[in-house]
Structure formats: structure tokens, C-alpha cells
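Structure record follows, encoded as C-alpha cells.
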Amino acid sequence: MGILKGAVTRLLKLLAVVLVVSFLTFSLTKLLPGDPVVVLLGPQYSNVELREAVQEDLGLNRPFLVQYGQYLGNAVQGDLGRSYTSSFKTTTLLKQKLPATIELMLLAQLFSFVLAVPLAMLSAFRSNSRTDKAITTASFGLIALPGYAFAVFLVYFFALRFNFFPAIGFRPLSDGIGPNLRSIALPLAVLVAGLTAVYTRLLRSDLISTLQEDFILMARSKGLPTWHILLRHAFRPSSFSLITVFGIQFGTLIGGAVILEQFFVLPGIGSLAIESILKRDYLVVQGVVLVIAISFVLVNFLIDILYSILDPRVRRTGA
Amino acid sequence: MTDLVSPTDGVAITPPPPSTESGRKSKKPKKPGALGVGGWVAAIWLITLSAGALLAPWLPIDDPAKTDFSVAKNNSSPFTAGHLLGTDNNGYDIFARIIWGGRVSLVVAAGVLIIGMVVGGTIGLLAGFFRGKSEAVLMASVDVFLAFPALILLIAIVAFMGADLLNVVLGISLVSIPAFARISRASTLTYSQREFVLAARAAGASQKRILVREILPNVILPLLAFGLLVVGIAIVAEGSLAFLGLTSTETISWGGMINGGKKPLQQENIAHTAMIPAVTMFLTVLAVNLLGDRFRSAFDVKDSAL
Amino acid sequence: MTKPQATSRVLTATSGHEGPLLQVDDFRTHFETPTGIVKAVDGVSFTLKRGDTLGIVGESGSGKTVLARSVMGLLTGKNVIRSGSARYNGTELVGASESQLRDLWGTEMAMVFQDPMTSLNPVLKVGRQITEGLRYHLKLSKAEARAQARQLLDSVGIPDPNRRISQYPHELSGGMRQRVTIAIALACGPTLLFADEPTTALDVTVQAQILDLLQRQQIERFMAMVLVTHDLGVVAGRTDHIAVMYAGQIVEYAPTRELFANVLMPYTDALLHSIPKLSQPSHTRLQSIGGRPPDLINPPSGCRFAPRCPYVQPKCTSEMPPLQEAETPGHFYRCWFPVGTDAGREALAQNAALGIPAAVSLTQTLADKPGGTA
Ligand SMILES: Nc1ncnc2c1ncn2[C@@H]1O[C@H](COP(=O)(O)OP(=O)(O)OP(=O)(O)O)[C@@H](O)[C@H]1O
Ligand code: SF4
Ligand SMILES: [Mg+2]
């Protein structure tokens, strides 16, 4: 029941976060210069009557808070409004663009987690060995490597020199798994390299301190095999900061994939964000931010629950 | 604790990757302040770049925005006559542009470091010292901020406010402030409980005096350590904007150069135009991170403090 | 170097190996550190047979923990240098591979650590921490292992083992946790148990209970036990022999009764005078001996206790006294001017006359206490 109460409080807090984010986005798009009606009407903007009619129609001349309330009310019912520039609904656009982004993000997270855990264990268990130094150095380098710079290398070597992968473009899953995976291989590699480096370093340093704990010595003195000690005794207590960062990366990845999506011409949510920002297509921008904030909040809610499963001490305090 | 460098492109400014020296004490602990070979190379690289950037107008290099018609074609390879690193697709000298591009990185690095540290540091210091409502507000805004896609915010700011360097610096600084604030708050909290602060309190020192004399000097170190990491991120973030073509094409920057190199790379199979600025940026961020790492181990700033 | 042979009676245990269960010979453990080589254990020899308990006593930092862990082979850092010999049942442990050692850990030898707050894994249930060894070594099924774990918990005096088995360490009290670690150590039926200050971190009221538990188990299971402590009072009634350690060396070794009756080494004498009274808090360490423990990187050239010894004479600082056997067979000591001998009395008197503070205060203490050792 402690868990349940904690979960509810937490959920309410996260809901508040989403609300504040949506409010801020809404106000920002209002505050920043650039009137969507200009975009809509083009040269006809100077026609005052027409302009006011459109503003009336879009509800743009009502008080700010009323506008926000309406937006929120509709949003709760799954209506995020229509794009000013195309006649599409925001939700339609989002549905179109989300699959590529989500696929990329999920695969990147999966691969980097699966790679980072054994690498970190290897590194931490034999800390200061050659293997450890190689792993630490490589991850240090990869962290300093900007994604787009890395993308340039990869495209040059794998797409242009050797033609292993297409340099740009996206094939949806409906085209078959093979072509789909090939089309996202390079951006995926960029993401995985960076994330693996971050996770490896994080887990390695926590593992190293855990491995010095008395309970590890105790486990060793029981004569348990090394893999058992690493997996059962050391990993779990060392995984907390890894998991926190892992959760945060979900948010960062959805929003941060912009650059890779642009470079590799992927129809993702990041590209959608940029396009609509440049076109002053506020409702779409708001929709994108809202989706990102909600997914971030949800993932982190799940991470919190995972936290309390992993650490019984958290469970008791109901944090 | 969280991680600073987003592999996607570094705009999420959340706390940093652990230093190599963390955890077990390494066998031969470096002397405090010792840079090591890597550290020296990094320092020399950064000093050279900064000097080049500062002195660019007076250096005997080509005009970075002048097409060299004497060379047969644009995008000529490195080591062609008169162009150490070749020319780009406008026929501009890449070497000169790398040096000039360093100016933007330098301005961004310094600007973000100063604004982020001063504004974020102060907010965190006050929140951590006076606790109460200001702290609650700070922590709540950090929560909100984390859920807010930073890069999109940055793009929006630049897109709406105009893409001049000042707005870029302000935008990146804005995005970095919550992280600075959080770190400064955390250090303030720990130091407020230390004996010397309690002693000062007991001795009747004023709040202001305690804050400025006892706490601030101790908070500065972790803040600076974090600042060094942010410098790397800021450089990458500015590059991202330029790479997306959102900053002014008049401004010479490494990100813009990589962006300009995209076309030759993807269409004509010419790599050096994009590769040279990409490598330069990589080495620069690497050097900054390395120095940050050395800094943290020399001053024994715990990663957990970040 | 002479080694104590006091325990080399014929082994009664039914083991293939004739001779003591544990035979440690000129055993050393040094650490390479940036500032120099720390000689934490420096030439220790003793033997221990099944069914016997050896108490190892010494101040904080004298190398007791390092000795116990190193004999067992638990110290694996790259900077650890082990030399000499430590034989378990005839098997040489120094230089044995980790996998050879692992075959002995848990099943042949086990250890109870000092602080039960930190020696249990906080994220694993108590039951799991007991059963994992059982399942791995004895290949028990899950159910068998659980049943066994309940029995073990019961035997170490934990009430309601059924409930405790599915609790986490943080849900147990300190004494309870130490009982759990004892149950874990005993799980696979070891014949040699190291207990490294098993009660130092506990409440005074619980200390005696835990020590009684260890003693009872040691007798029931006919184990050999090494009981490490910094408190001579703890070992008084519970060990067969006592080895007193100072700066990585054994400075006195004797059957327990003999040692208390007939202290020879001034350091042991000082320890005896500093046994904490019951009224003192349990964590009181042995600080009542003046001066600081020696530098283990550059130990004093002669007797390592010389800088703090009330009996010290010029000879002590130039020549290291050997570990020699006293008139009473089986009593070994490392001193030029032993307590209670004429030479010792003379040395002390001389120092007191010279006004050396340690000597003066010791003389005073002895004068206050008519039945004093001197
Ligand atoms: N890994 C190591 N590296 C360097 N020195 C070490 C290491 N482990 C222990 N030492 C040193 O060895 C000496 C003996 O330590 P040890 O822990 O054995 O003392 P102890 O007798 O158990 O004391 P206590 O009563 O405090 O437990 C100490 O001076 C300690 O600093
Ligand atoms: S009398 Fe001499 S030899 Fe004996 S303990 Fe004292 S200093 Fe060491
Ligand atoms: Mg100890």
C-alpha cells in the first residue's frame, strides 16, 4: 500500500509536469514573434476584415487563458487541432511521424543497454586492466564525438565507400524488416555508440564502488562463481543511476533525434518539429512538445516503479 | 544522478559521465594538478585554437569568404597548392574557415559558461541556502525542464528570435541554467551542514557573510567542473543549430561547415569538406572533456556532486 | 624463525591429512602503495587443529583483518603480495588459483565479517543469501535449500525463520543480521571458520549472545575457529590459544590460560590493562596505550613496539627480538625484557627513574593495583 500511495503521488506530480510543459509551450508560441495568420493568409494579411475573420475562426482573439483552456479541453479528448499550413490534423501528422522516431529510439536504447552492461562489467571487474583501459578510453572518446560528426564518418565509410547501407531515407516496417533495418542502420549506429559510451561509463563507476562493498567480499567468501557475484550481487545495487539516466534519455532521444532525422532524411517527429517551427505552425509544435513531455513523464514513472522493485529500501520508505 | 552528454547531440544538459578516476583509487594517483600527456596535448590544442580564433583577422591566412578561382575546381583536396586543408564547395579556404570558425565556438563556450554559472549558480546557491519555497520552485522547474525537449526549445528560440550569435548564446545558456542551478544547490546543501559553516553560524556570522565567505568558495569548484562539461556541450549545440542550417550562413562556424559539406559528401562522394570540421569539433570537445576530467580528479570533485 | 608448535598434537578429526588443519608459516601480506610497501602482515606462523579456537588480538591496524582475509585468499588486488605458506589440510593456499580457492570457500572455510550492516546484500532477501551457497555447492533443489535455510536460521537462534527468510536485511536488527551472516557462513558445513571482530559493531548486550552462539556452533560442528578481536576480554574464556599481534607480527602466543596467568610481552600487558570496563561504551578501542601504532611502511628497526614500550632499552631499538619459547612450553614471546622477569623489572625501574612517562605511569598503575602483573 506504501507503493500504491507513492505511485499515486508520483503520478499526480508527473501530471502536473505535463500540464506546466503544455502551458509553457502554449505561452511561448504566443509570446514569440510571428503570427500564424500571416502564414495562413500570405499577402492577403493586409486585408483587415479577412484577417479578423480568420482570427475569430481560430479563436485567436479570445483571452489567452480561454484559448489555453480550450486547447487543453480538446487535447484531453485527443484533438490537438489542425495544422495551419496543411489541412492535416496534428494527430494525423504525429501518427505519421512517430513510428520512425519510436523505432529508432527503442532500438537504440535496447542495443546500447545490452552492450553497455557486459562492457561495464568487464571493465569494472578487471578495473585498471588493459581491457578496462580500452573500454574507458573508447567510451570517453565516443562521448566527445558529436552525433552529426559521427554521422558524417559513418555515411562516408559505410554508405559511400562500401555501399553497405543507404546513406539517406527511411523504409517503413511494412516494406519488410530487412530493408527497414538497413535504412535506419546508420542513424541507429550513431545513437547506439553514444548511448553505450554513456551507459558503460556510468555503470562501470558504480560497479567499481559496489565491488568494494563488504557484501561482495562476503559473497566471494561463499565460494560463488564470478558471474554469479557480478550479476546477482553487484549489478542490481549498481544500476540505480544507470536506470535514471536511461529514463531521461528517452525524453532526450525523442527530441534530440532532430539532427539525425534531418541528416538521414528520416520522417520522424524531430523533422516534424523543425518544419513546423520554421513555418510558425504552432499547433503542430505544441503537439510535438506535448507528446514528448508525456512520453518522458510516462517512461520515468515506469522507471520509478522499477526503482522500487530493484531496491527494497526505497519500497519501505515509499519514496 | 544523470548524464550530461546526450549522445544524440548534447543539448540535454543533465549531469555528467563519471570520470575515469572515479571509484577505486587508481594505482598511481596523479599528483594534484598534474595534467598527464593527454592533458597537455589537450591544453595545447585548446590554447592554439583560442589564440588562432582571437587573432584570426591578423593572421597570414586566406580570406575565409573569398573564392579561390585559381584552383581548378571547388572542393579541392587538402594539400592542393596554397590550401593546406583544401577548399570547400564555394572554393573557400578550409584552413582559414576552421580558424575563423573557432571564434564562434569560443564565444559560445565563454558566453554559456559565464551566464550559466552566474545565473544558474546563484539560483542554486540561494535555493540550497534558504531552502523553503524557493527551493521547491527550483526543483519543480528542473522537473519540468527535464520533460521539455531542450533541443526543440533551442531551435524555437533561434527560429523566432533570429539566428544571430547573441541569441544562440542566450538560448544555450537558458537551456543550461537549470542544470547549473541543480548542481549548485546540491553542493550548497552539503556545505551548509559542514562543521566550518556551523561554526561560523555559531560564531554569529551573518547569513550573507556565511553565504559569500564560507559556502560560495566551495560551491565554485564543482560548478566549474560541471561548467567545463557544459562548454563541450555548448560547442556541440551551437554546431547542431548551424548543422541544421538555422544559424546565419554569414557566420563561419564548424557546424555550418559540416552542414555545407553534407552536399559534397552525399552527392559527390567528397568527404574532406565535412570531415575536417567534424574532426576539429570532435578533438575540441574531447580536449575540453579531458581537461574537465583532470580538473575533477585534481580537485577531487566527486562525480556524485555533479 | 621459530614457530609455535604448541598445537601439534595428533589430529583427532577424521581427515585424510595428518597434522593440523591450518598451518601458517612465515606468512606475509604486503601492499604496494604509492607511498611504499605496507607490510600489513609480516612473518606470521601458527597452527590450528580441528575443534580448537585461536584468538587473534591486537590494536586497530595491527593486521588482524588482513591476516584472516589473506590466509583465506580473499585479497585479490593487483597490489597484494602474499608470501610464506598457509596450508589448509595440507593444501597450500598461497599461490593457489582463485578457482582452487573457490572450491574451499564456503564448503571448507568461511568467514563472518565485522559489520553485519554492510556484509549482507541490501537488495537480496535473507533467504536467498543463505540458499545461493547451498544450491551452488551442495546442488540442493530450491525447496531443499529453503528448508535447510530455515533450519540454519533456527539453529542460530532466529525466531520465526519462516518470516525472516523472506525479509530484506534492512528489516532486521544488527544482532539479527549477524546471526544471519553466521548462518550463511555455516551453511555449507565449513571446518574452518574465521570470525573477524564479529561483535565490534554490535550492542554490548548482544555481543555475548553472538559470541556464545559462535562458540556453541564451533563445538557442535567440531570446527576450527579463528576469532579476531581487538579486545582481550572477548577471547578470555572462549579460545584455546591466543596470538597477540603487533605491527603485522605475532608478539606473543600462548594457551589462553597461560597467557593471562603469565604475560611476558609488554604490549600484551598494556592490552590487558586497557580491557574496556563493562561501563565503557562497546566501541571503545584500545587507545589507552600511549603513542601511535607504528608505520607499516618503514617499521622501527628493532622491536616494533619500542617507541611505545615502558620497558624499552637501547638493545630494543637496534635488534629485533625473535619469537622465542618461554620456560612454560608452548608460550612464545618476542621481547628482550619480558614482563615479570628480573630483566623486565629492572628495565622498567630504570625507565621510571629516568622519568620516561610511559614507564612512570605504568609503575604507578602497578602500585595502585596490588595484584598487578609485574
Ligand atoms: N588494500 C590495502 N592497501 C594498503 N594498505 C592496507 C590495505 N588493507 C589494509 N591495509 C593496511 O594494513 C594495516 C592492517 O589493517 P587491518 O585491517 O588488518 O587491521 P586490523 O588489525 O584488522 O584493525 P581493526 O581493528 O581496525 O580492524 C592497516 O594499516 C591498513 O591501513
Ligand atoms: S622491552 Fe624491548 S623488546 Fe620488549 S617489547 Fe619493549 S621494546 Fe620490545
Ligand atoms: Mg579488522
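The values are calculated or read from the model by the stated rules, or taken from the named source; none is laboratory data. Keep in mind that this is a model prediction, so the values were computed, not measured. Here the Cβ positions follow ideal geometry from the backbone for every residue, glycine too, while neighbour counts run over all protein chains shown. Remember, those area values only see protein heavy atoms, side chains included, never the ligands or the DNA or RNA. Shrake-Rupley method; radii C 1.70, N 1.55, O 1.52, S 1.80 Å.
How many residues, within the stretch B:267-289, are part of a helix (DSSP H, G or I) and touching a helix residue (DSSP H, G or I) at 6+ places or on another chain (Cβ under 7 Å)?
Residues meeting the conditions: 16.
Could you check A:Leu122 against (1) assigned to a loop (DSSP other than H, G, I, E, B); (2) at pLDDT 90 or above and say which number it fails?
The single condition A:Leu122 does not satisfy is (1).
Here is a list: C:Thr205, C:Thr200. Which entry is without any contact (Cβ under 8 Å) to a residue 24 or more places away in the chain, assigned by TED's automatic domain parsing to the domain that holds C:Leu54 and away from ligand 2 (no atom under 16 Å from the Cβ)?
On the way: C:Thr200 fails: without any contact (Cβ under 8 Å) to a residue 24 or more places away in the chain.
Among C:Thr205, C:Thr200, only C:Thr205 is without any contact (Cβ under 8 Å) to a residue 24 or more places away in the chain, assigned by TED's automatic domain parsing to the domain that holds C:Leu54 and away from ligand 2 (no atom under 16 Å from the Cβ).
Within the stretch A:170-188, how many residues are within 11 Å of chain B (Cβ to nearest Cβ) and surrounded by fewer than 18 Cβ atoms within 10 Å (Cβ to Cβ)? Break it down stepwise before answering.
To start, the set of residues in the stretch A:170-188 that are within 11 Å of chain B (Cβ to nearest Cβ) comprises A:187.
Next, from what is left, pick out any that are surrounded by fewer than 18 Cβ atoms within 10 Å (Cβ to Cβ): none.
Residues that pass the stated criteria total 0.
Kindly establish whether C:Thr131 is in a loop (DSSP other than H, G, I, E, B) and either farther than 24 Å from C:Met265 by Cα or within 16 Å of ligand 3 (Cβ to nearest atom) (or both).
Working: in a loop (DSSP other than H, G, I, E, B): no; either farther than 24 Å from C:Met265 by Cα or within 16 Å of ligand 3 (Cβ to nearest atom) (or both): yes.
When the stated conditions are applied, C:Thr131 does not pass them.
Any residue at all in the stretch C:320-340 that's modelled with pLDDT of 90 or more and basic (Lys, Arg)?
Yes, the stretch C:320-340 contains at least one residue that is modelled with pLDDT of 90 or more and basic (Lys, Arg).
For C:Val38, indicate whether it is open to solvent by less than 10 Å² (accessible area, probe 1.4 Å), in a strand (DSSP E or B) and away from chain A (no Cβ under 14 Å).
On the way: open to solvent by less than 10 Å² (accessible area, probe 1.4 Å): no; in a strand (DSSP E or B): yes; away from chain A (no Cβ under 14 Å): yes.
For C:Val38, the condition - open to solvent by less than 10 Å² (accessible area, probe 1.4 Å), in a strand (DSSP E or B) and away from chain A (no Cβ under 14 Å) - is not met.
Within the stretch B:140-189, can you find the residues that are within 13 Å of chain A (Cβ to nearest Cβ), in contact (Cβ under 8 Å) with a residue 40 or more places away in the chain and not in a helix (DSSP H, G or I)?
B:Ala163
Quick check on C:Thr35: is it in contact with a Leu (Cβ under 7 Å, 6 or more places away or on another chain) and within 28 Å of A:Asp214 (Cβ to Cβ)?
Details: in contact with a Leu (Cβ under 7 Å, 6 or more places away or on another chain): no; within 28 Å of A:Asp214 (Cβ to Cβ): yes.
The answer is no for C:Thr35.
Table: residues versus (1) in contact with a Leu (Cβ under 8 Å, 6 or more places away or on another chain); (2) within 16 Å of ligand 2 (Cβ to nearest atom); (3) open to solvent by less than 20 Å² (accessible area, probe 1.4 Å).
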residue: C:Glu59; (1), (2), (3): yes, yes, yes
residue: C:Thr65; (1), (2), (3): no, no, no
residue: C:Leu74; (1), (2), (3): yes, no, yes
residue: C:Thr91; (1), (2), (3): yes, no, no
residue: C:Phe113; (1), (2), (3): yes, no, yes
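Has the stretch A:303-317 got at least one residue that is open to solvent by 50 Å² or more (accessible area, probe 1.4 Å) and at the interface with chain B (Cβ under 10 Å from one of its Cβ atoms)?
No, the stretch A:303-317 has no match at all.
Collect the residues in the stretch A:198-224 that are open to solvent by 10 Å² or more (accessible area, probe 1.4 Å) and within 7 Å of another protein chain (Cβ to nearest Cβ), keeping them in residue-number order. Steps first, answer last, please.
Pass one, the stretch A:198-224, residues open to solvent by 10 Å² or more (accessible area, probe 1.4 Å): A:201, A:204-206, A:209-215, A:217, A:220, A:222.
If the condition is that a residue be open to solvent by 10 Å² or more (accessible area, probe 1.4 Å) and within 7 Å of another protein chain (Cβ to nearest Cβ), then A:Arg201, A:Ser205, A:Ser209, A:Gln212, A:Glu213, A:Asp214, A:Phe215, A:Leu217, A:Arg220, A:Lys222 are the ones that fit.
Give the stretch A:153-164 a look and list any residue that's without any contact (Cβ under 8 Å) to a residue 24 or more places away in the chain and either part of a helix (DSSP H, G or I) or buried (at least 20 other Cβ atoms within 10 Å of the Cβ) (or both), or say none.
Selection gives A:Phe153, A:Tyr156, A:Phe157, A:Leu160, A:Arg161.
Find all pairs meeting these conditions: Cβ atoms under 9 angstrom apart; at least six residues apart or on different chains; first residue within the stretch C:220-241 and at negative phi; second residue open to solvent by 30 Å² or more (accessible area, probe 1.4 Å) and within 16 Å of ligand 2 (Cβ to nearest atom).
Close Cβ pairs (under 9 Å, with a partner that is open to solvent by 30 Å² or more (accessible area, probe 1.4 Å) and within 16 Å of ligand 2 (Cβ to nearest atom)) amount to C:Leu232/C:Leu272.
Suppose we filter the stretch A:19-37 for residues that are of a type in the set (Val, Ile, Thr), open to solvent by 20 Å² or more (accessible area, probe 1.4 Å) and modelled with pLDDT under 85; how many remain?
Keep residues of the stretch A:19-37 that are of a type in the set (Val, Ile, Thr), which gives A:20-21, A:25, A:29, A:37.
Filter once more, so that each one left must be open to solvent by 20 Å² or more (accessible area, probe 1.4 Å): A:20.
Checking which are modelled with pLDDT under 85 leaves us with none.
Within the stretch A:19-37, residues that are of a type in the set (Val, Ile, Thr), open to solvent by 20 Å² or more (accessible area, probe 1.4 Å) and modelled with pLDDT under 85 number 0.
Would you check if C:Leu140 is under 20 Å from C:Gln114 (Cα atoms), away from ligand 3 (no atom under 16 Å from the Cβ) and either within 21 Å of the chain's Cα centre (by Cα) or open to solvent by 10 Å² or more (accessible area, probe 1.4 Å) (or both)? So that I can check it myself, show each step before the final result.
Working: under 20 Å from C:Gln114 (Cα atoms): no; away from ligand 3 (no atom under 16 Å from the Cβ): yes; either within 21 Å of the chain's Cα centre (by Cα) or open to solvent by 10 Å² or more (accessible area, probe 1.4 Å) (or both): yes.
No; evaluated as a whole, the condition is false for this residue.
Among (1) buried (at least 16 other Cβ atoms within 10 Å of the Cβ); (2) assigned to a loop (DSSP other than H, G, I, E, B); (3) modelled with pLDDT of 80 or more, which single condition is C:Ala358 missing?
(2)
Residues that are touching a Phe, Trp or Tyr at 6+ places or on another chain (Cβ under 6 Å), within 10 Å of another protein chain (Cβ to nearest Cβ) and part of a helix (DSSP H, G or I): does the stretch A:264-284 have at least one?
No, because not a single residue in the stretch A:264-284 is touching a Phe, Trp or Tyr at 6+ places or on another chain (Cβ under 6 Å), within 10 Å of another protein chain (Cβ to nearest Cβ) and part of a helix (DSSP H, G or I).
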